[in-house]
């Protein structure tokens, strides 16, 4: 939520309003999850693992909780986030699956750039591993791009992501 003023009212009743203290906190620019506003797609869909599940804000990591993506087993499976404009990406946080196959993500690349097809985009990080059911944050240090692509290159595999969070600021 954005705004300059905070107003506290009791609507619809004539009452006294007594406040002993009010604290307002803000998130610094560049720490808000910008993935939620983007458009997502992936190389294929298996077992109802739609790409939108990775940006639903739900950190559930068991596949039966219907919050994880799933591609078919294929060569070079990928998932892509289109941020709709260019951002300076600070971090990408990925939540791995807990109930099965947590090692499938090992070796996946996180790419950030302006190419729709991902391959020409520079690599932010290569995922060595993410423990089952946990989230891991990767620093992209202000890499600029409209697209964040996660791809498992060079092998035939399923790609499953339970959540992807991206922080950054709009590039000027």
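The values are calculated or read from the model by the stated rules, or taken from the named source; none is laboratory data. Just so it is clear, the model here is predicted, and its values are computed rather than measured. Neighbour counts are summed over all protein chains in view; Cβ atoms, including those assigned to glycine, are modelled from backbone coordinates with ideal geometry.
Does segment 154-161 contain any residue that is within 13 Å of residue 35 (Cα to Cα) and crowded, with 24+ Cβ neighbours inside 10 Å?
No.
Determine which single condition residue 98 fails, assuming it passes every other condition in (1) touching a strand residue (DSSP E or B) at 6+ places or on another chain (Cβ under 9 Å); (2) surrounded by 14 or more Cβ atoms within 10 Å (Cβ to Cβ).
(1)
Pull out all pairs, ordered by first then second residue, where Cβ-Cβ is under 6 Å, the residues are six or more apart or on different chains, the first lies in segment 116-144 and is on the phi > 0 side of the Ramachandran plot and free of Cβ contacts under 8 Å to residues at least 60 places away in the same chain, and the second is surrounded by 15 or more Cβ atoms within 10 Å (Cβ to Cβ) and assigned to a strand (DSSP E or B).
The qualifying pairs are 118/111; 118/149; 142/88.
Six or more apart or on different chains, Cβ under 9 Å: which pairs go from a residue in segment 1-18 that's over 30 Å from residue 36 (Cβ atoms) to one that's at pLDDT 85 or above and surrounded by 10 or more Cβ atoms within 10 Å (Cβ to Cβ)? Could you list them?
From residues that are over 30 Å from residue 36 (Cβ atoms), there are no pairs.
Just to be sure I understand the filter: pairs with C-beta atoms under 8 Å, separated by 6 or more residues or on different chains, first member in segment 53-73 and at negative phi and at pLDDT 95 or above, second member part of a helix (DSSP H, G or I) and loosely packed, with under 14 Cβ neighbours inside 10 Å. Which pairs pass?
That search, which allows pairs on different chains as well, returns 55/36.
Quick one: residue 63 ticks every box in (1) over 16 Å from the mean Cα position of the chain (by Cα); (2) farther than 16 Å from residue 163 by Cα except a single one, so which number is it?
Here residue 63 meets the rest and fails (2).
For segment 159-171, how many residues meet the condition of being over 12 Å from residue 74 (Cβ atoms) and part of a loop (DSSP other than H, G, I, E, B)?
Total meeting the criteria: 4.
Of these, 67, 61, which one is in contact with a helix residue (DSSP H, G or I) (Cβ under 6 Å, 6 or more places away or on another chain) and in a loop (DSSP other than H, G, I, E, B)?
Just a single option satisfies the conditions, and that option is 67.
Give the residue, chosen from 119, 80, 111, that is in contact with a strand residue (DSSP E or B) (Cβ under 9 Å, 6 or more places away or on another chain) and surrounded by fewer than 18 Cβ atoms within 10 Å (Cβ to Cβ).
Result: 119 is the single residue among 119, 80, 111 that is in contact with a strand residue (DSSP E or B) (Cβ under 9 Å, 6 or more places away or on another chain) and surrounded by fewer than 18 Cβ atoms within 10 Å (Cβ to Cβ).
Out of curiosity, is residue 168 crowded, with 19+ Cβ neighbours inside 10 Å, more than 15 Å from the chain's Cα centre (by Cα) and closer than 17 Å to residue 34 by Cα?
no
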